[in-house]
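Notes to accompany the following structure.
Please treat every number below as a calculation from the coordinates, not as lab data. In this text, all values refer to a predicted model and were calculated from it rather than measured experimentally. Note that we place each Cβ from the backbone using ideal geometry, even for glycine, and neighbour counts take in every protein chain shown.
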Amino acid sequence: MNNTFEFNRFKNLLVNDGKKYFRNFGTALIVFCCLNAIYWIFNLLFGSETMSPIRFSMLLIWTALAMMLVPEKVYGKANLSREGVSFAMMPASSLEKFLSMFLYCAVVTPIIVFFGGYLVDAFLSIFPFGGFEKPIHLYSIGEIGRMMNDHSGAVRVGEATFNFTDVFSVGMMRTSLYVTILQWAAIFMLGNMLFKKHKAGKTFACYLGIGYVLSTIIGLLFITSGRLQHWMETIEGLPKSELFRIAHNASIWGVIIGILVTALLLFFTYRKIKTQKY
């Protein structure tokens, strides 16, 4: 049964995990959905205003925080020597357990927190007071990109000037967002199966540490080898259209690498579930 998939058995597992999910994380879901109301109360007290793009960004942050915590809250005992026996003895294959974990951590949680938060935000925006000038949904992904242009400014390379939306199309921004959500879930699912205690905190610390080490190594390699200077001198002589093409291709490769990394993280999580010893 360890590698098989049977629909009725998987359905029963989803129901069982769903009960545990809402029992262990239901209150947290309500809190995360209502966090944007803090801005509304603050605005009401001090007569200020919070623009929709800021509230949109905060919804993404609340969603990310919820996804950090949910694996430990719902599946925190899955890799423990004694408490994890009940997880091991569940009448389901390793594949079914992994898929159920993935659905609740990477699909159900972001959907509930983001769209629940959106509904709360939309309701609060009805009132003429509170400083929510219009609902979040009136801002498209493209408008968020244009807002980033305004706040980040332009980057000048040689004779070319880059804005955020020159490199990232609306479709690319959407794809990048979806890949980032799945990758974020995969990171904390794997961390939940690797660590015994303080799983979310340790996983986040490792995420920051690995990112810092990798960026430092890559930066040092570029600087010490002289490739950075050579690369900058090369691209400064290229026409603007060619620079845009290179930047766009680099963004595509970034998404592809993100997909591959996410797939590897999910595979390692599945393997850990399958080979976990109790």
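Tabulated data for the structure shown
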{"read-out": "Cα-Cα over 21 Å, subset of Lys97/Lys196; Lys77/Lys272; Lys11/Lys199; Lys11/Lys277", "value": "Lys11/Lys199; Lys11/Lys277"}
{"read-out": "³J(HN,Hα) computed for each position of region 180-191 - Karplus, 6.51 cos²θ - 1.76 cosθ + 1.60, integer Hz, glycine/proline x", "value": "4, 4, 5, 5, 4, 5, 4, 4, 7, 5, 5, x"}
{"read-out": "Extension gain, Lys202 back to Val85 (0.36 nm per residue minus Cα-Cα distance, nm)", "value": "39.8 nm"}
{"read-out": "Full-extension gain in nm, Arg9 to Phe268, via 0.36 nm per residue minus C-alpha separation", "value": "90.9 nm"}
{"read-out": "Projected label distance in nm at Tyr212 and Leu44, using a 7 Å step from Cα toward the beta-carbon", "value": "4.1 nm"}
{"read-out": "Phi-based couplings in Hz for region 203-212 (Karplus 6.51, -1.76, 1.60; Gly and Pro marked x)", "value": "5, 5, 5, 5, 4, 5, x, 5, x, 5"}
